[in-house]
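**Student:** I have a structure here, written as structure tokens, and I will follow up with some questions on it.
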Amino acid sequence: MTFIPKPKVRHPSLPRNALGLTRRDYEGVLSTLCAGCGHDSITAALTEAIWGLSLEPQNIAKLSGIGCSSKTTAYFVSGAHGFNSVHGRMPSIAMGASAANRNLAYVGVSGDGDTLSIGLGQFCHAIRRNLNMLYVIENNGVYGLTKGQFSASADIGSRAKKGEENQQPPIDPVLLAMSLGASFVARSFSGDKAQLVPLLQAGLRHRGFALIDVLSPCVTFNDHEGSTKSYAYTREHYEPAVNADFVPFEREIVADYAEGETHPVVMHDGSRILLRKFAKDYDPTDRVAASGYIQERLRQGEYLTGLLYIDETQREFHEVNGTPDAPLNGLHLPALSPGSMGLEKILSRYR
Amino acid sequence: MPAVPAQDRVNDFVIKIATVNGTGSASANTLLMKAIFRSGIPVMGKNYFPSNIQGLPTWYEIRVTKDAHVARSGRVDIMVAMNAETYGKDAREVATGGYLIYDSTWPRPALFTREDITVIGVPLAKLCNENFNGVRTRILMKNICYAGVLAALLDLDLAKMRELLAETYAKKPKLVESNMQAIQLGYDYAKAHFACPLPLHCAPLDQTAGHILIDGNTAAGLGAMFAGATVGAWYPITPSTSLMDAYKSFCDKWRVDPQTGRKNFAFIQAEDELAAIGIVLGASWNGARSFTATSGPGISLMSEFFGLAYYAEIPAVIFDVQRVGPSTGMPTRTQQCDLMICAYASHGDTKHVCLYPANPEECFYFAIAAFDLAERLQTPVMVLSDLDIGMNDWMCRDLKWDDAWQPDRGKVLPLEEIVKLEKFYRYLDKDDDGIPYRTLPGVHPKAAYFTRGSGHTQYGAYTEDATDYQIVVDRLVRKFHTARGLVPKPVIEMAGTRTDVGIIAAGSSDGAVREALDVLRGMGVHANYLRVRGFPFNDEVDRFLAEQRLVFVIEQNRDAQLRSLLTLETPVEKSKLRSLLHYSGMPISSSFIVKGVLAEVAPKPLRAVSPGQFP
Ligand SMILES: Cc1ncc(C[n+]2csc(CCOP(=O)(O)OP(=O)(O)O)c2C)c(N)n1
Ligand code: SF4
Ligand SMILES: [Mg+2]
């Protein structure tokens, strides 16, 4: 691929966010994915979500593993550092980066292969640590980059392009994350920007591990008849359970929502998520009941979408670790070294 | 067998204690070693323990060495045979004229088969059973009791032992009394039944002032704290675990804000070594000094990430406390068997900067150097210690700290520089030293770049173009060349007499080599000595190799890994290099080296040497 710089023409009528930046300012390099790839829509939604939250580009770090999906961290917010690491190991990079500087917004992008096969262990442990990051799985049921092998999220009976039928049960990242104690779990569809953008925003503001599993059809290897991750199939079997509107703290005063229909969840920074439930009995704050319901729907072949579970009370990694508010990477020597006097004291134990 | 009469060997002998692990013998052995050290006598202590928690044979070797030869000599003068299972073998190991101490509560007729050693029976179990209650206490006290026997036989100062116990059990004064009681039981019994002290015994010296007894893992963990490392991530593995434990306990003491209780460090037990190194890279990429400690199996697992760090140019410090391989090998035995894998770990053309500390003192200083080098060179730096250095207490010079020291954070562009730039490019060789400039996230949008392990241009963009790819990998070669001048220089000791024979060694072989050189000198065999301390090899190594006719490469692995590295990375002709390979899992001994050298280089026929002198 060659780098084709896009002319940055400032159009006076382009809307600006609180920082005075336009959507253009949050773009990255041109995507090299196949035309129509679901991942590109997610990139667009991420750009929109980050712009909408008025995050400073340099205060974002974009992390990924390897795969078509993992490439996309280059395609948004070029003013942020990006790290395209090795296959399945992005969570550990995110852990280290967050340990060094807790004050950046970590955006992780992964694929279903990257997360659910080679990287399953790291994914689980990032959840256990409640690592403060947004973790997006661009889930297409196949390994796109290695040309269409089934991934661990492929459903039983789903057919590959050449007709082969998948026989093994899928690993559902949503159910897995719920069972591991994740504090924010959502599912969406790359084709539903209206649902996805507020979910991404809520995930970015969530303090802790925010998983969003985004069904993201691979037009080249998994968009045919017989696939359960195609555009057509997803549209048909996609069932919003909870609508989540994200209301940033700054807008809170002017937000107008009808009491009763909505259930507000207050986030750490004062922002709110207004949940509107489509499924009457669904309770996204009850882990056990919600898991049961998701499982039930999955059995019927329906992907329940929306903000499926949220717990704003769980402590994230740094709260548990007791690190200071200022980033560790900014500490200076006096705070780190006991000096010669300290060394003398220490050595007395070894005489 | 001993060439030197016993009475001339005051402060110069070896005690070996055979016990069963999990029976508290470690505290008795440490107590003995420290009591000797506090008497001003140089001492070496080595623990040979099984990969097991309780019930298998374990040995502890204490060498009292007035000449400060802190290596294994290869002989045993006094055996304390506390383990019935290994009695026979232990008894055979004692040198002629030596002593065997055993628990005479039960008869051991098998012990009396040797005429050339003195057998000393002390009813340790009986003494303890009569004086202590509880099975566990009796077992523990039996081990403390032999320390008392040795105190009498070797003429150790009981007051020093009490003082040491009082320090160890500062919070449990009752334990001081019961331990002292056990010591006194053994001491009194020995005094009453044997001629004390033995001809082999200790006499106070003043040679340990300005020295400490410390293990390499503790020293390295301490170094990591002094270097300013703030993120430590690891997955437990013998023999590296105590390095991380040390770092954490030092940080718990010195890095916790007294007002807020907040911790100025993050200590992360990872789910495996893949995650451990990933955490290190994420943290270093983000500007924190970060490190991990592991052993061979962990190095294998981390290898994919090493390649990423090499190619994407991310600093990282890795302590590899080597143990016996291949595979799980012998986890509690020592070797220098990761020299090759660490130098070239990962697929593709990769090379890594390695440091080879020879003792705990160097573990401390090299830990600090490693962080500076990693950030200066923007690459992983491996510190290759081993189980012998890492887990045994070594006598070394006091560690020193210069309060004027500042970390070398390398070429990280600060905000003032970034704002002046037209545009930032990550991989340009602006200074002609192969080292590019980097920026940290969170500083300025202009500083942003994309880190990737896939092909990239010097501007940081993705590429599959031949020329663009080669520009970057060729610069990495230049960077590695720069590293030659930055890694610690070798220690060279010329023989002082004309000789064209050289010895090259690295790491923990040093003590044994030095002692061997002394012995050989006494026999008229002279050799120049170079101890390699860093990879890539510096010019000094090339020069030394060129000057010798014959070079013994002494190392602790089967496949002559150091020799291979020398043939690969220096212009030396292969035929010049003779390997002396020690890979039993025990630390190399001086007698092994003497024997190996003599097999090739004949001693001057000035003095006859008894063939039995070098077992
Ligand atoms: C260690 C390792 N093994 C295998 C690969 C080859 N590989 C690259 S991407 C990929 C699968 C990606 O699948 P997924 O994460 O679902 O991403 P997608 O391309 O579908 O978006 C594989 C197996 C690799 N890069 N590294
Ligand atoms: S192969 Fe599939 S996943 Fe990859 S870019 Fe093309 S459509 Fe997207
Ligand atoms: Mg995929």
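**Student:** Of all residues in region B:186-226, which are touching a helix residue (DSSP H, G or I) at 6+ places or on another chain (Cβ under 7 Å) and of a type in the set (A, V, I, L, M)?
**Tutor:** Once the filter is applied, which keeps residues that are touching a helix residue (DSSP H, G or I) at 6+ places or on another chain (Cβ under 7 Å) and of a type in the set (A, V, I, L, M), region B:186-226 yields B:Ala190, B:Leu198, B:Leu200, B:Ile212, B:Leu213, B:Ile214, B:Ala219, B:Ala220, B:Leu222, B:Ala224, B:Met225.
**Student:** Considering only region A:97-126, state which residues are of a type in the set (Gly, Ala, Ser) and more than 11 Å from ligand 1 (Cβ to nearest atom).
**Tutor:** Matches in region A:97-126: A:Ala97, A:Ser98, A:Ala99, A:Ala100, A:Ala105, A:Gly108, A:Gly121, A:Ala126.
**Student:** Could you please give the count of residues in region A:56-71 that are charged (D, E, K, R) and either more than 15 Å from ligand 1 (Cβ to nearest atom) or facing chain B (nearest Cβ under 8 Å) (or both)?
**Tutor:** Total meeting the criteria: 2.
**Student:** Same structure, new question: Quick check on my filter: what residues within region A:127-164 are over 17 Å from the mean Cα position of the chain (by Cα) and away from ligand 1 (no atom under 16 Å from the Cβ)?
**Tutor:** Of everything in region A:127-164, those that are over 17 Å from the mean Cα position of the chain (by Cα) and away from ligand 1 (no atom under 16 Å from the Cβ) turn out to be A:Ile156, A:Gly157, A:Arg159, A:Lys162, A:Gly163, A:Glu164.
**Student:** Still on this structure: Restrict the check to region A:27-47 and report whether at least one residue is farther than 25 Å from A:Ile93 by Cβ and away from ligand 1 (no atom under 16 Å from the Cβ).
**Tutor:** The answer is no, given that none of the residues of region A:27-47 is farther than 25 Å from A:Ile93 by Cβ and away from ligand 1 (no atom under 16 Å from the Cβ).
**Student:** So, one more: Among the residues that make up region B:411-431, is at least one of them surrounded by 16 or more Cβ atoms within 10 Å (Cβ to Cβ), away from chain A (no Cβ under 14 Å) and within 24 Å of A:Leu328 (Cβ to Cβ)?
**Tutor:** Yes, that holds for at least one residue.
**Student:** Could I ask something else about it? Only one of these conditions is not met by A:Arg89: (1) more than 16 Å from ligand 2 (Cβ to nearest atom); (2) facing chain B (nearest Cβ under 10 Å); (3) under 27 Å from B:Lys423 (Cα atoms). Which number is it?
**Tutor:** It fails just one condition, (3).
**Student:** When only residues in region A:167-186 that are within 16 Å of ligand 3 (Cβ to nearest atom) and surrounded by fewer than 19 Cβ atoms within 10 Å (Cβ to Cβ) count, which is nearest to A:Thr313 (Cα to Cα)?
**Tutor:** A:Ile171
**Student:** Hey, among the residues in region B:432-442 that are of a type outside the set (Ser, Thr, Tyr) and within 14 Å of chain A (Cβ to nearest Cβ), which one's surrounded by the most Cβ atoms within 10 Å (Cβ to Cβ)?
**Tutor:** That would be B:Pro441.
**Student:** Restricting to region B:252-280, name every residue that is of a type in the set (Asp, Glu), farther than 30 Å from B:Glu304 by Cβ and not in a helix (DSSP H, G or I).
**Tutor:** B:Asp257
**Student:** Would you confirm, using the coordinates I've provided, whether A:Thr285 is part of a loop (DSSP other than H, G, I, E, B), out of contact with any Cys (no Cβ under 7 Å at 6 or more places or on another chain) and at the interface with chain B (Cβ under 9 Å from one of its Cβ atoms)?
**Tutor:** Here the answer is no, as A:Thr285 does not meet what is asked.
**Student:** Separate question: Select from region A:43-58 the residues that are in contact with a Leu (Cβ under 7 Å, 6 or more places away or on another chain) and farther than 13 Å from A:Leu19 by Cα and write down the one among them that is farthest from ligand 2 (Cβ to nearest atom).
**Tutor:** The extreme case among them is A:Ala49.
**Student:** Can you list the strands (runs of 3 or more DSSP E) lying wholly within region B:314-418 that have 2 or more residues being among the aliphatic types (A, V, I, L, M)?
**Tutor:** Once the strands (runs of 3 or more DSSP E) in region B:314-418 are filtered for at least 2 residues that are among the aliphatic types (A, V, I, L, M), what remains is B:316-322, B:353-355, B:380-386.
**Student:** Considering each of B:Lys126, B:Lys142, B:Lys160, B:Lys171 in turn, give the residue that is more than 36 Å from the chain's Cα centre (by Cα) and of a type in the set (Lys, Arg).
**Tutor:** That would be B:Lys126, the only listed residue that is more than 36 Å from the chain's Cα centre (by Cα) and of a type in the set (Lys, Arg).
**Student:** Please determine whether any residue of region A:185-206 is closer than 19 Å to A:Asp40 by Cβ, within 14 Å of chain B (Cβ to nearest Cβ), within 16 Å of ligand 2 (Cβ to nearest atom) and not in a strand (DSSP E or B).
**Tutor:** No.
**Student:** Ok, one more. Evaluate region A:291-309: report whether one residue or more is within 14 Å of another protein chain (Cβ to nearest Cβ), buried (at least 21 other Cβ atoms within 10 Å of the Cβ) and either hydroxyl-bearing (Ser, Thr, Tyr) or more than 30 Å from B:Met395 (Cα to Cα) (or both).
**Tutor:** Checking region A:291-309: not a single residue is within 14 Å of another protein chain (Cβ to nearest Cβ), buried (at least 21 other Cβ atoms within 10 Å of the Cβ) and either hydroxyl-bearing (Ser, Thr, Tyr) or more than 30 Å from B:Met395 (Cα to Cα) (or both).
**Student:** Could you list, in sequence order, the residues of region B:291-305 that are crowded, with 24+ Cβ neighbours inside 10 Å and either over 23 Å from the mean Cα position of the chain (by Cα) or farther than 28 Å from B:Thr332 by Cβ (or both)?
**Tutor:** Scanning region B:291-305 gives a single hit, B:Phe305.
**Student:** Of all residues in region A:128-160, which are hydrophobic (A, V, I, L, M, F, W, C), away from ligand 3 (no atom under 14 Å from the Cβ) and farther than 14 Å from A:Ile93 by Cα?
**Tutor:** A:Ile156
**Student:** For region B:281-309, which residues satisfy the criterion of being outside any helix (DSSP H, G or I) and at the interface with chain A (Cβ under 7 Å from one of its Cβ atoms)?
**Tutor:** B:Asn286, B:Gly287, B:Ala288, B:Ser290
**Student:** Further, regarding this structure: Which number in (1) surrounded by fewer than 24 Cβ atoms within 10 Å (Cβ to Cβ); (2) touching a residue at least 40 places away in the same chain (Cβ under 8 Å) marks the one condition that A:Val77 misses?
**Tutor:** The number of the failed condition is (1).
**Student:** I'm trying to understand the selection: among the residues of region B:221-243, which are within 14 Å of B:Leu387 (Cα to Cα), touching a Pro at 6+ places or on another chain (Cβ under 8 Å) and in a helix (DSSP H, G or I)?
**Tutor:** none
**Student:** If you check B:Asp90, B:Asp77, which single one turns out to be surrounded by 22 or more Cβ atoms within 10 Å (Cβ to Cβ) and not in a strand (DSSP E or B)?
**Tutor:** B:Asp90
**Student:** Condition (residue is of a type in the set (D, E, K, R), out of contact with any Pro (no Cβ under 8 Å at 6 or more places or on another chain) and without any contact (Cβ under 8 Å) to a residue 12 or more places away in the chain) applied to region B:261-279: is it met by at least one residue?
**Tutor:** No.
**Student:** Name the residue that is surrounded by the most Cβ atoms within 10 Å (Cβ to Cβ), counting only residues in region A:143-164 that are outside any loop (DSSP other than H, G, I, E, B) and either within 13 Å of ligand 2 (Cβ to nearest atom) or touching a residue at least 40 places away in the same chain (Cβ under 8 Å) (or both).
**Tutor:** Out of the qualifying residues, it is A:Tyr143.
**Student:** Follow-up question, since we're still on this one. Only one of these is under 16 Å from B:Gln207 (Cβ atoms) and at pLDDT below 95: B:Val43, B:Val70, B:Val64. Name it.
**Tutor:** The match here is B:Val70.
**Student:** On to the next question. When both residues are 6+ apart or on different chains and their Cβ atoms are under 7 Å apart, which pairs have a first residue that lies in region B:453-477 and is over 20 Å from A:Thr72 (Cβ atoms) and touching a residue at least 24 places away in the same chain (Cβ under 8 Å), and a second that is part of a loop (DSSP other than H, G, I, E, B) and of a type in the set (A, V, I, L, M, F, W, C)?
**Tutor:** So the pair list comes out as B:Gln458/B:Leu428.
**Student:** Which one of B:Ser295, B:Ser249, B:Ser327, B:Ser303 is in contact with a Lys or Arg (Cβ under 8 Å, 6 or more places away or on another chain), more than 25 Å from B:Leu440 (Cβ to Cβ), modelled with pLDDT of 95 or more and among the polar types (S, T, N, Q)?
**Tutor:** Sole residue among the options that is in contact with a Lys or Arg (Cβ under 8 Å, 6 or more places away or on another chain), more than 25 Å from B:Leu440 (Cβ to Cβ), modelled with pLDDT of 95 or more and among the polar types (S, T, N, Q): B:Ser295.
**Student:** Taking the conditions exactly as written (within 14 Å of another protein chain (Cβ to nearest Cβ), surrounded by fewer than 18 Cβ atoms within 10 Å (Cβ to Cβ) and modelled with pLDDT of 95 or more), does A:Val320 satisfy them or not?
**Tutor:** Against the criterion (within 14 Å of another protein chain (Cβ to nearest Cβ), surrounded by fewer than 18 Cβ atoms within 10 Å (Cβ to Cβ) and modelled with pLDDT of 95 or more), A:Val320 qualifies.
The values are calculated or read from the model by the stated rules, or taken from the named source; none is laboratory data. Only a predicted model underlies this, so the values are computations on that prediction, with no experimental measurement involved. FYI the Cβ positions are ideal-geometry reconstructions off the backbone, even for glycines, and counts take in every protein chain you see.
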